[in-house]
Amino acid sequence: MTDVVDADELLRRIQRGRDRAAEGARLWADRAQALTAGDPDGARDAAARARAYEAVLRVLDEIVRPGGPPLTTEGVRGLT
């Protein structure tokens, strides 16, 4: 990451990372739901991974849209 990039390229990279985080959160949330009945430990691990992706998604959203409305993503509690 020693390349010099302009603001537009930086924004594109952040948005691409945000899209990947959203996809990862959906993937792991779906996997957690699918594993709930048969593998509770696997479901718990998948849910933890989904929450990690959701946290990244929230941070990247705040960078792209500072002060915007908070995300309403299931599984992530808002801080007060």
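Laboratory data are not the source of any read-out in this text; all were calculated from the coordinates shown. Nothing here was measured: the structure is a model prediction, and the numbers come from that model. In this analysis, Cβ positions are derived from the backbone assuming ideal geometry, glycine residues included, and neighbour counts consider all displayed protein chains.
If you scan the range 35-63, which residues turn out to be within 9 Å of the chain's Cα centre (by Cα), under 19 Å from Arg13 (Cα atoms) and not charged (D, E, K, R)? Can you show your working first?
First pass over the range 35-63, keeping only residues within 9 Å of the chain's Cα centre (by Cα): 50-60.
The next check asks that each one be under 19 Å from Arg13 (Cα atoms); those that pass are 53-60.
Tyr53, Ala55, Val56, Leu57, Val59, Leu60, listed by residue number.
Every residue, every condition in (1) among the acidic types (Asp, Glu); (2) surrounded by 17 or more Cβ atoms within 10 Å (Cβ to Cβ); (3) in a helix (DSSP H, G or I), yes or no:
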site	(1), (2), (3)
Trp28	no, yes, yes
Ala37	no, no, no
Arg44	no, no, yes
Ala48	no, no, yes
Ala52	no, no, yes
Ala55	no, no, yes
Asp61	yes, yes, yes
Gly68	no, no, no
